[in-house]
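Here's the structure we're looking at; comments come further down.
The values are calculated or read from the model by the stated rules, or taken from the named source; none is laboratory data. Remember, predicted model here, so these are calculated numbers, not experimental data. Glycine gets a Cβ as well: all are built from the backbone with ideal geometry, and neighbour counts include every protein chain shown. Just the protein is used for accessible areas: all its heavy atoms, side chains included, with ligands, DNA and RNA removed. Shrake-Rupley method; radii C 1.70, N 1.55, O 1.52, S 1.80 Å.
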Amino acid sequence: MASIIDARARPPCRTCRAIVPNRSQLNYLENSALETLYERDDVYPTFPSVALSAKAGCSLCVLLWRRLTSIPPAALEAIIKANDKLVWVSSEKRTRQLEVSWDRKVKLQASFDFLPYPTISPSGSTRYGRASTAQDRYQHGGAVTSLSLSYRPTAGSLRLVNGTFWSHETVEFTVFDSIDLYSPRLEWRRKMPSAIALSYENVTMIEHWIENCLGNHSECSNARTAENWIPKRLLEINDKDSSFEIRLIEPTENKTWLGIKFAALSHVWGDINTSPPLRLLSSNIRQLKNGIQGSELPKTFLDAVHVCARLGIRFLWIDSLCIIQNSLDDWREQAPLMHRIYGHALITIVATSARSCHDGFLQRNVSLIPTAEVAYSVPAAEEQGGCDDNFLIIYGSDNPLESWRMHAINGSKWNTRAWTMQERTLSSRMVHFCHNKIFFECRGGLQSEENEPVQESDVFNSTLWPRNPLATFEELYQHWQLFVGEYSARNLTVGSDKLLAIQSVAEEMAAVTGEKYIRFAGMWQSNLQHELLWFVSMGKAERLDTWRAPSWSWAAVEGQISLWHRDFRNAQVSTPRTLLNRLSLHPFEVLEIDREYPDSQSSNPGFLKVRTLIEPISHIHKHLASGSGRSFFPYDLVIDEPSDEHGPRIDGKVFAHAKLDFEDCIDVDFSSTTAGMFLYLHVNNNARATGLVLRSQTDVNVSLWKRIGIATLFFDRSERPILKDAFALSNGPKEIALV
């Protein structure tokens, strides 16, 4: 099998000759797929017809067969032995059983993905769509980027025992078309991946990306990122002939230092206990100022030094070497400045492919990637490059997902970490060193060393924090909700970093809006009435063994949460004497919030004192009726009701539906609720969830309450109450302290 480096064009077998990216289809088709005439009948899962053609010498069939049969060996053996009743579902990465056996006959078909290059209209706006000109008549305004090979049962979709259907599977390969590789338009010319990450071509390309962003992307900077600012500490790099001189410096803000350019590193730490890397400690700060040997640095750090040296960047910021790791005071000082560090860095060097600080990210194995280079021709040669000796270079790595453009970044371990999400969000421009491929990401788009067309979805990346200095709190809060939702599902080596690793995003938002951020809760003071109603959006929440945040904060649980609640009602125009109208007469008020850094060892850390309507809960029951539409609020909250104004309380009524933060609630005995143990606290009239379910904090001498869930007083999005007389006899709002 040839590699990318030494592939030579060969004629394919008779069947594969139909795998042709005929761009003349684009004269009348506006979709992004180029269909081919390729069809082959074969037998699942061994594909003997493709195997026979591969043995006969068709290099493309060799590549296709390798990918078609890339099912885990144990699964492949099970499918063969399962009496025609098992299939491999690649999206689930597992086998599935069929209801009935089948003949295993499949039909293979192939198509190409065609992506258009963006064009600039006369008005200056960017257009994402095909626009061919006389200069690029053969490219048709875009590039062929991948080959999709699908196979489906000839008998039609097959029903699985779980009730779903198995209709087809698809495998993908990265493609380079000679028409794109030799385009007369430099900005539309595809490029093969380099065997060396920091090749002359790649370094020149990175420099061009940086220069273009600085000169043309107004969305990538603002007044704050343009001001002269440098971090408290940096690594200074002096590139000698055969080695580097590296030392820690603490630059002062004077004319000598303010104009310097520096890079920042974003990386995955990995298991630092088994093999701890060099770190800045209060005990070795003088030593690191005297000098650091390259051999002392973990491979990822040393690779970042190499990148800086090749790009002519003299200074580098690395978190573990520029923040004193055993100083809480230094962390508290530096953590809120992350938005300035990554925002002011000329580039963020992202070790995207590294799974730890010891892995490095510059190594490549391009020469080992199986490749097929096949010649092709189309019926009207003059319409497809002006000749009939076009060729395709088709390759596929062992990981099929690497054919997907964004998987190299979004599918990496780096992209699962909480700290790296903040770093990506705040960076002005990033150079991602992925496996065998470099990407450049900024607010102007996502580009790669292979020069695929920049797509609209790449430009409007919701992960990158907007830089509009005139943005309102409401506009930025939409981004905050999305950010917290994804961030809460990410991983942290140190669980107590949950709020620390998001703090600088809040600082960036506060710098624009002037709003007050509650650091120990991860919430905005002006929006507490909305944010207190957070909920677990996917899976189950896990309890924490130690205090990390107050119970009313989303950071108090481990799990994916959501801050999003759509407004359904308008209490301002509600009908008099209705529940909604009664609630609107007593608005929710925040009276007092704990100090910025509460003592987690105190009896009531992170308190929040509010005044609002409350209702004691006599019982909490799981609603067992099926098909009732109660999947989101599966619990009933019950109150005892009096027989008359002064009479004894009798059997209770359900007045609200609830969703508990922890489904197991192992420390709560709902069946024998004691008086005053649980409370409904009203928060918001308009949202789907209207209040909190609280439990009394009984281990202290003062009256404190902990959140255990959210609840709603209404059946649905309308104003129809679950119990219209709820709060009818209320004595008015009360002061409640939450912890």
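Taking all protein chains into account, the per residue accessible area for the stretch 224-328 stands at 49 Å² (1.4 Å probe). How much of the accessible area of the stretch 463-550, probe 1.4 Å, is carbon plus sulfur, in whole percent? Percent of accessible area from carbon and sulfur atoms in the stretch 463-550: 49. Stokes-Einstein diffusion for the stretch 70-112, with the hydrodynamic radius set to the Kirkwood value over Cα pairs and evaluated at 37 °C in a medium of 0.692 mPa s, equals 286 µm²/s. In terms of accessible area, using a 1.4 Å probe and ignoring ligands and nucleic acids, Val454, Val366 rank largest first as Val454, Val366.
Remark: the Tyr597-Met538 segment gains 18.2 nm on full extension, using 0.36 nm per residue and subtracting the alpha carbon distance.
With both labels modelled 7 Å from their Cα along Cα-to-Cβ, the Ala155 to Ser90 distance reads 2.3 nm. Overall shape of the stretch 271-362 was characterised from the C-alpha gyration tensor. The equivalent ellipsoid obtained from it has semi-axes of 20, 18, 14 Å, in decreasing order.
If R0 is taken as 30 Å, the Cβ-Cβ distance between Ser199 and Arg10 corresponds to a FRET efficiency of 0.65. Here Ser49 and Leu624 are evaluated by their C-beta separation; at R0 = 51 Å the FRET efficiency comes out at 0.40. Per residue, the convex hull spanned by the Cα atoms of the stretch 208-334 measures out at 145 cubic angstrom. Solvent-accessible area of the stretch 185-237 (1.4 angstrom probe, protein heavy atoms only): carbon and sulfur portion equals 54 percent. The listed residues Tyr395, Tyr487, Tyr138 rank as Tyr138, Tyr395, Tyr487 when sorted by accessible area, largest first, using a 1.4 Å probe. The residues of the stretch 462-598 expose, per residue, 46 Å² of accessible area to a 1.4 Å probe.
Building the convex hull from the alpha-carbon atoms of the stretch 248-323 and averaging its projection over directions returns 5.8 nm². Extending 7 Å from the Cα toward the beta-carbon at both Ser218 and Ser718 defines two label points whose distance is 4.9 nm.
Figure legend: label point modelled 7 angstrom from the Cα of Phe632 along Cα→Cβ; residues of the stretch 532-549 with amide N under 18 Å from it are 532-541. Sorted largest first, the spans of the alpha carbon positions of the stretch 426-566 along the three principal axes are 49, 36, 26 Å.
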